[in-house]
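K.L.:
Just dropping this structure here.
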Amino acid sequence: MKYFAAILLCIFLAVIALAVFGAWYLRRKARKFSTELFGTPDIADAARQMRVEYASTPKSVSAMTSLLLPKITADFPDFQYDEMKERANNVLTGYLRAVTGRNLQLLKDGNEELRQQLENHIQMLSAKDAWEHFGQIRIHRTEISQYRKTAGRCIITFQTSLECYHYTTNLSGQMTSGSKDMKYQTKYNTDLIYIQDRDLVENALDDALGVNCPNCGAPLSSLGAKVCKYCDTPIIEINIHAWSFSNVEECGA
């Protein structure tokens, strides 16, 4: 019996020794990895450095401008990329500032659809007794990420990488999420739409964007054509169309 107890004791001690050695070995490897990667053996300090690096590294965007812009200008010869890009940046920052100020008037550009989206967002926060804050917004980069055609409209999506201080408080001012001290890196999509045929948009009859000249019936050479190339009939005065911003959406924190 004593012999059996001694065996059990030896096994127990061996298990403890292995556990202690395993913990020591893993800690040693972790400290070595931390030192090689971050220059410090302190794992907590390394974790802090990781958070700082994450908060200071801009998000990459889907940069398809060089590929899509020629297609857009082929459809719309008068499309002003730099102007529209600047407007997209202004719409995005205006939208975020409007959320922060809970004031629809801070959004200076955009169609009714976008304003309704903003109003719904503010109302949703109010229903939760929450207040969302975006501070010190800084835009890193904006590129065209998509160009698509749906029923009666064309949609150009600008994707923007930005940083800001992002946090949420309750109505008493107590912070419930986010950070006032650590920057927040994220991406947003902002949609710019061109309505070529309002009947198609409203009735969703098909996915075509083809429009014919109302005078001679010839197909238009481009979606943004100002005149018919066959009979010189002005098109811009007849087709109902407009560029406007219709959607702002976060697409990757």
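K.L.:
May I ask you to sort Cys154, Cys216, Cys251 by Cβ crowding, counting other Cβ atoms within 10 Å and putting the fewest first? Please list the in-between numbers first.
P.N.:
Values: Cys154 21, Cys216 11, Cys251 15.
Sorted ascending by nearby Cβ count, the order is Cys216, Cys251, Cys154.
K.L.:
To continue, here is another question. In region 129-184, which trypsin sites (Lys or Arg not before Pro) are in a loop and have at most 13 other Cβ atoms within 10 Å, using DSSP for the loop call?
P.N.:
Sparse-neighbourhood loop trypsin sites (Lys or Arg not before Pro): Lys180.
K.L.:
Does a label point 7 Å from the Cα of Arg102, set along Cα-to-beta-carbon, have any residues of region 166-191 with amide nitrogen under 11 Å, and which are they?
P.N.:
Answer for this model: 169-173.
K.L.:
Measure up Lys85/Lys128; Lys71/Lys229; Lys149/Lys187; Lys71/Lys183; Lys85/Lys149; Lys128/Lys149 against 25 Å on the Cα-Cα distance and list the ones that go over. Can you show the working numbers first?
P.N.:
Details: Lys85/Lys128 34 Å; Lys71/Lys229 20 Å; Lys149/Lys187 23 Å; Lys71/Lys183 37 Å; Lys85/Lys149 19 Å; Lys128/Lys149 37 Å.
Violating the 25 Å Cα-Cα cut-off are Lys85/Lys128; Lys71/Lys183; Lys128/Lys149.
K.L.:
Give the order of Thr233, Thr190 when sorted by the count of other beta carbons within 10 angstrom, beginning with the fewest.
P.N.:
Result, fewest neighbours first: Thr233, Thr190.
Computed from the coordinates by the stated procedures, all read-outs in this text should not be read as laboratory data. Predicted model, so just to flag it, every value in this text is computed and none were measured. Note that each Cβ is placed from the backbone with ideal geometry, even for glycine, and that neighbours are counted across all protein chains shown.
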